[in-house]
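Visitor: Attaching a single structure in structure tokens format; questions to follow.
Since every read-out is calculated from the coordinates, none of them should be taken as a lab result. Just so we're clear, the structure is a prediction, and the values are computed from it rather than from any experiment. Note that we place each Cβ from the backbone using ideal geometry, even for glycine, and neighbour counts take in every protein chain shown.
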Amino acid sequence: NQVYAIEIDFTNPEIIYISGNGGIYKSYDSGNNWTLIGNSVFTNLSHDIKDIKLCPTNNQILFVASNQGLYKSIDGGNNFSTIMSGNYLEIEFHTNSSDTIYFIKQINNKTEFYRSDDAGNSLNLFTNGWPNPTNGEEQKRTEIAVSPASPNKIVALATGNANGGSGLYGIYISDDKGENWTFQCC
């Protein structure tokens, strides 16, 4: 059983969410016992879950990035609704607004950056300056980070291969919540 994602409830550290066996498990007793969570539409899919995030202002709202799509639960994981289909890799919240959420999606040989300004109800794709591989290049993984010291700034570490090399595709920075990106390094 491979665990790729873990999230601990910020109001009760005995409540833990993990990915594994194609689904999400929840413990109410610090990990001694685990229960598969989600409605049948969610649990009937075999998920490769890359990220689990609780809304920082409401511990009943849970977001899941899966190879089957992007999901949201408003009842602590009992039921999940699909926000968007596709292969999602990461979820990050703006540090000053739980309504602003950033998502990374993999599609073919590249990743895409999406932002929601309404708590995940709708997503907008932003591409200006974002990595766009061509000519046999690929950019299949991106990690993003947001700092409380500069909440509109996002740093993206893009991996893949370009110019005959492999590993780091580039570091990209946005100062406007992902609307515009600048290649920074390497």
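Visitor: State, to one decimal in nm², a quarter of the convex hull surface area for the C-alpha atoms of region 45-139, i.e. the direction-averaged projected area. Provide the component values of the computation, followed by the final result.
Guide: Details: hull surface 26.0 nm².
So the Cα hull casts an average projection of 6.5 nm².
Visitor: Sorting check: for 79-91, 60-72, which peptide has the highest mean count of neighbouring beta carbons within 10 Å, and how do the rest follow?
Guide: Numbers: 79-91: 18.5, 60-72: 22.2.
Result, highest mean Cβ count within 10 Å first: 60-72, 79-91.
Visitor: Using a Debye calculation, one point per C-alpha and no hydration shell, please list log10 I(q)/I(0) for region 8-65 at q = 0.30 Å⁻¹ in order.
Guide: Debye output, listed in q order: -1.33.
Visitor: So for region 26-122, taking the charge dipole from beta-carbon charges (+1 Lys/Arg, -1 Asp/Glu), which of I74, C55, T43 sits furthest toward the positive end?
Guide: After comparing all options, I get T43.
Visitor: A follow-up question, please. How large is ³J(HN,Hα), in whole Hz, for each residue of region 120-135 in order, when computed from phi with the Karplus curve 6.51 cos²θ - 1.76 cosθ + 1.60 and θ = phi - 60°, using x for Gly and Pro?
Guide: Residue by residue, region 120-135 yields x, 6, 9, 10, 10, 8, 10, 10, 5, x, 5, x, 9, x, 9, 6 Hz.
Visitor: Counting each DSSP H run of 4 or more residues in the chain as -39500 (n - 2.57), what helix-only mean residue ellipticity at 222 nm follows after dividing by all residues, to the nearest 500 deg cm²/dmol?
Guide: On the way: 1 runs with 4 residues, N = 186.
Only helices count here, giving -500 deg cm²/dmol.
Visitor: Next up: What list of whole percents do you get for P(r) of the chain, with Cα-Cα distances grouped in 5 Å bins up to the one holding the largest distance?
Guide: 1, 8, 16, 20, 19, 15, 11, 6, 2, 1, 0
Visitor: State the volume of the convex hull built on the alpha-carbon positions of region 1-100, expressed per residue in Å³ and rounded to an integer.
Guide: 89
Visitor: Work through the residues other than K140 whose Cβ is under 13 Å from its Cβ and net out their charges, Lys, Arg +1 and Asp, Glu -1.
Guide: Numbers: positive: K50, K105, K110, R141; negative: E90, E112, E137, E138, E143.
Value of the local net charge: -1.
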